[in-house]
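The structure appears below as structure tokens.
The values are calculated or read from the model by the stated rules, or taken from the named source; none is laboratory data. What you are looking at is a predicted structure, and each value in this text was computed from that prediction instead of being measured. Note that each Cβ is placed from the backbone with ideal geometry, even for glycine, and that neighbours are counted across all protein chains shown. Accessible surface areas use protein heavy atoms only, side chains included; no ligands, DNA or RNA. Shrake-Rupley method; radii C 1.70, N 1.55, O 1.52, S 1.80 Å.
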Amino acid sequence: GQQLNQSPQSMFIQEGEDVSMNCTSSSIFNTWLWYKQDPGEGPVLLIALYKAGELTSNGRLTAQFGITRKDSFLNISASIPSDVGIYFCAGRGAQKLVFGQGTRLTINP
Amino acid sequence: GAVVSQHPSRVICKSGTSVKIECRSLDFQATTMFWYRQFPKQSLMLMATSNEGSKATYEQGVEKDKFLINHASLTLSTLTVTSAHPEDSSFYICSASSAQETQYFGPGTRLLVL
């Protein structure tokens, strides 16, 4: 099925560093969403973006909906150990979500 | 955010048996529920979309006779894996949304078919 191009696939950083990941698509989406998934759990919604150009923050997380509606990025500032996990972007068209391949974040203390 | 539960969280069954997984929206009415499958180290792949009171819409390549979906109420959807085989072993996740709103995911059900 269709997937978004999410990068990087994995990141290994030191605690306290900032993190940036992004998603691109050949299709336009009306909504961009960012989820975090811990091992053995379902995805948890972090940020939802509804308008092109929208920049939204949730604590240390900041995400933007690209002007072209074909891309989005997620930044995490001052990473902490509990940020470890897999981050997924998702684009929503009419009803269904299309997911990126995920970015696996590992943090060295 | 909204709360979605799944039951069971883990199930082990013998090859050839059927397994039912429940998905419930606990604090909102879900007009639409979605079922995903996730293999290790891979992304979520949509299996089917289920609107309350209607037949589910299956994604290409997903056998509707093998993965039976029922969405009889605004708070409950079930996925039944019929005649399960080892290749059906996976992590099954449901999500629920109301009226084009954001999807909220359940905690997942890990199925192991021996």
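The set of residues in segment A:44-62 being within 14 Å of chain B (Cβ to nearest Cβ) and either open to solvent by less than 20 Å² (accessible area, probe 1.4 Å) or of a type in the set (Gly, Ala, Ser) (or both) consists of A:ILE47, A:ALA48, A:LEU49. Restricting attention to segment A:83-98, the residues that are at pLDDT 95 or above and either open to solvent by 20 Å² or more (accessible area, probe 1.4 Å) or not in a strand (DSSP E or B) (or both) add up to 3. Please indicate, with yes or no, whether at least one residue in segment B:60-74 is among the small types (Gly, Ala, Ser), surrounded by 14 or more Cβ atoms within 10 Å (Cβ to Cβ) and either free of Cβ contacts under 8 Å to residues at least 12 places away in the same chain or within 14 Å of chain A (Cβ to nearest Cβ) (or both). No: zero hits.
Of all the numbered requirements in (1) crowded, with 19+ Cβ neighbours inside 10 Å; (2) of a type in the set (Val, Ile, Thr); (3) at the interface with another protein chain (Cβ under 10 Å from one of its Cβ atoms), B:THR57 misses one, and that requirement is (1).
For beta carbons closer than 6 Å, sequence separation of 6+ or different chains, a first residue in segment B:4-26 that is at pLDDT below 95 and a second that is surrounded by fewer than 16 Cβ atoms within 10 Å (Cβ to Cβ) and in a loop (DSSP other than H, G, I, E, B), the qualifying pairs are B:LEU26/B:VAL3. Residue count for segment A:8-31 under the criterion of being outside any loop (DSSP other than H, G, I, E, B), at pLDDT 95 or above and either in contact with a helix residue (DSSP H, G or I) (Cβ under 7 Å, 6 or more places away or on another chain) or within 13 Å of chain B (Cβ to nearest Cβ) (or both): the result is 2. Looking at A:ILE86, A:ILE76, A:ILE80, just one residue is touching an Asp or Glu at 6+ places or on another chain (Cβ under 9 Å) and facing another protein chain (nearest Cβ under 10 Å), and that residue is A:ILE86. Within segment B:33-45, restricting attention to residues that are more than 9 Å from every other protein chain (Cβ to nearest Cβ) and open to solvent by 10 Å² or more (accessible area, probe 1.4 Å), which residue is modelled with the highest pLDDT? Within segment B:33-45, the match that is modelled with the highest pLDDT is B:ARG37.
No other residue among B:ALA84, B:ALA30 is assigned to a loop (DSSP other than H, G, I, E, B), at pLDDT 95 or above and aliphatic (A, V, I, L, M) apart from B:ALA84.
For segment A:41-59, the tally of residues that are more than 22 Å from A:GLN9 (Cβ to Cβ) and assigned to a loop (DSSP other than H, G, I, E, B) stands at 6. In this entry, B:SER18 is excluded by the filter for residues that are within 13 Å of chain A (Cβ to nearest Cβ) and open to solvent by 60 Å² or more (accessible area, probe 1.4 Å).
In segment B:78-103, what residues are closer than 23 Å to A:ALA48 by Cβ and open to solvent by less than 30 Å² (accessible area, probe 1.4 Å)? Answer for segment B:78-103, where residues must be closer than 23 Å to A:ALA48 by Cβ and open to solvent by less than 30 Å² (accessible area, probe 1.4 Å): B:ILE93, B:CYS94, B:SER95, B:ALA96, B:SER97, B:THR102, B:GLN103.
One residue is enough: does segment B:46-53 have a residue meeting the conditions among the β-branched types (Val, Ile, Thr), in a strand (DSSP E or B), closer than 24 Å to A:GLN37 by Cβ and more than 11 Å from chain A (Cβ to nearest Cβ)? Scanning segment B:46-53 turns up no residue that is among the β-branched types (Val, Ile, Thr), in a strand (DSSP E or B), closer than 24 Å to A:GLN37 by Cβ and more than 11 Å from chain A (Cβ to nearest Cβ).
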